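The values are calculated or read from the model by the stated rules, or taken from the named source; none is laboratory data. All figures in this text were calculated on a predicted structure; none of them were measured in a lab. Glycine gets a Cβ as well: all are built from the backbone with ideal geometry, and neighbour counts include every protein chain shown. For the accessible areas, the whole protein counts, side chains as well, though only heavy atoms, and no ligand, DNA or RNA atoms are used. Shrake-Rupley method; radii C 1.70, N 1.55, O 1.52, S 1.80 Å.
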Amino acid sequence: MSATVAPRRRTHGGGLFLPIGASLLLMFLLLAVFGAAIAPYDPTAQDLLGILDPPSMQHWLGTDEIGRDILSRVIVGTRITLAIAVISVFLAGVTGVCLGLLAGHFGGALDRAISLVTDLMMTIPSLVLAIAVVSAIGANTTGLVTAITISFVPSLARLVRSRVLELRELDYIEAARAIGMRHARILLRHVLPNAVSVIVIELSLMAGQAVLVGTALGFLGLGVQPPAPEWGAMLGSSRQYLETAPYVAMAPGIAVSLLVLAFNLFGDGLRDRLDPNQ
């Protein structure tokens with residue numbers, strides 16, 4: 001008698017990842033949009049008589065080394081950190097998808113050239129590559145966005161290329177080619193829609209990495225410059241007070257962790273929902 005094998009059930013709680021991640025992202029989005037109105041104090045206002053005050057009823061998360069309210073700076077800084085991550089991932093997505101589509105669809109010399117450049121760039125860790133780029137361009141918002149974008153393009157281009165190589169062998173793609181359909185029409189109407197799920201999942205996971213890279217560059221002084229309340233810069237300026245006033249670093253550190261967690265949960269949830277192989 002042959003035994004019937006029951007289908008495997010997911011036991012990793014994937015069904016909860018998407019709503020939890022989406023809820024956290026919605027919270028951060030609301031803070032980014034309405035943060036300036038919600039913040040109890042001006043994030044750049046100094047109080048030299050209240051330097052490094054511990055958490056209290058007046059300052060719920062305490063004050064920093066020049067008396068600025070930490071809660072207000074974390075709330076207002078949400079817009080900066082989230083905008084940098086989203087813009088960087090969007091630009092990396094557009095560039096990486098275009099390169100991957102061209103390399104995978106046309107093949108030949110174009111594919112070899114794009115693959116050579118992306119493979120060379122992928123041999124350099126993304127953070128090291130980002131540091132090199134921002135050092136060359138300048139330590140500002142433009143340099144930070146450019147650095148994160150360039151560091152993420154190679155892996156996305158490689159992923160899209162591999163997906164296109166799978167799709168180009170399917171019958172309906174071959175039929176479209178046989179009837180003389182133009183390459184742009186094939187890519188936009190037949191190839192790209194079937195690669196969208198993979199691209200969306202990868203971009204959502206990349207956004208969490210973008211937050212980490214942007215925060216690391218800000219920590220090193222290569223990101224958004226003071227007095228802007230960027231989380232990485234806040235962590236960088238607080239490191240010398242970790243023993244005497246650890247609460248200065250706790251709030252931006254927790255904010256970074258929660259935002260990265262939100263993007264990762266959202267990406268994992270999308271993968272469970274959209275990827276039929278999971």
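Considering only segment 133-149, how many residues are part of a helix (DSSP H, G or I) and either open to solvent by less than 60 Å² (accessible area, probe 1.4 Å) or of a type in the set (Asp, Glu) (or both)?
So the answer is 9.
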- prompt: Across segment 83-132, what is the number of residues that are among the small types (Gly, Ala, Ser), more than 22 Å from the chain's Cα centre (by Cα) and part of a helix (DSSP H, G or I)?
  reply: 6
task: Hey, can you tell me all the residues within segment 148-178 that are among the polar types (S, T, N, Q) and more than 19 Å from Phe90 (Cα to Cα)?
output: Ser162
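This table checks each residue for (1) modelled with pLDDT of 95 or more; (2) open to solvent by less than 60 Å² (accessible area, probe 1.4 Å); (3) not acidic (Asp, Glu).
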site	(1), (2), (3)
Arg8	no, no, yes
Phe17	no, yes, yes
Ala36	no, no, yes
Gly50	no, yes, yes
Gly77	yes, yes, yes
message: Would you confirm whether or not segment 166-184 contains a residue that is under 26 Å from Gly208 (Cβ atoms) and of a type in the set (A, V, I, L, M)?
response: no
- request: With respect to Leu222, determine if the residue is in contact with a helix residue (DSSP H, G or I) (Cβ under 9 Å, 6 or more places away or on another chain), buried (at least 22 other Cβ atoms within 10 Å of the Cβ) and not in a helix (DSSP H, G or I).
  value: yes
task: For Gln240, indicate whether it is assigned to a helix (DSSP H, G or I), open to solvent by 40 Å² or more (accessible area, probe 1.4 Å) and not hydrophobic (A, V, I, L, M, F, W, C).
output: yes
query: Can you spot a residue in segment 163-176 that is open to solvent by less than 40 Å² (accessible area, probe 1.4 Å) and touching a residue at least 24 places away in the same chain (Cβ under 8 Å)?
result: yes
- line: Of the residues in segment 162-218 that are farther than 30 Å from Thr81 by Cα and hydroxyl-bearing (Ser, Thr, Tyr), the one that is modelled with the lowest pLDDT is Tyr172
- prompt: Considering only residues of segment 53-74 that are in contact with a strand residue (DSSP E or B) (Cβ under 7 Å, 6 or more places away or on another chain) and of a type in the set (Asp, Glu), which is nearest to Leu258 (Cα to Cα)?
  reply: Asp69
task: Under 7 Å between Cβ atoms, at least 6 apart or on separate chains: pull out the pairs that start in segment 228-243 with a residue that is more than 19 Å from Asp42 (Cα to Cα) and end on any residue that is open to solvent by 20 Å² or more (accessible area, probe 1.4 Å) and part of a loop (DSSP other than H, G, I, E, B).
output: Gly236/Leu220; Gly236/Gly221; Tyr241/Leu52; Tyr241/Glu65
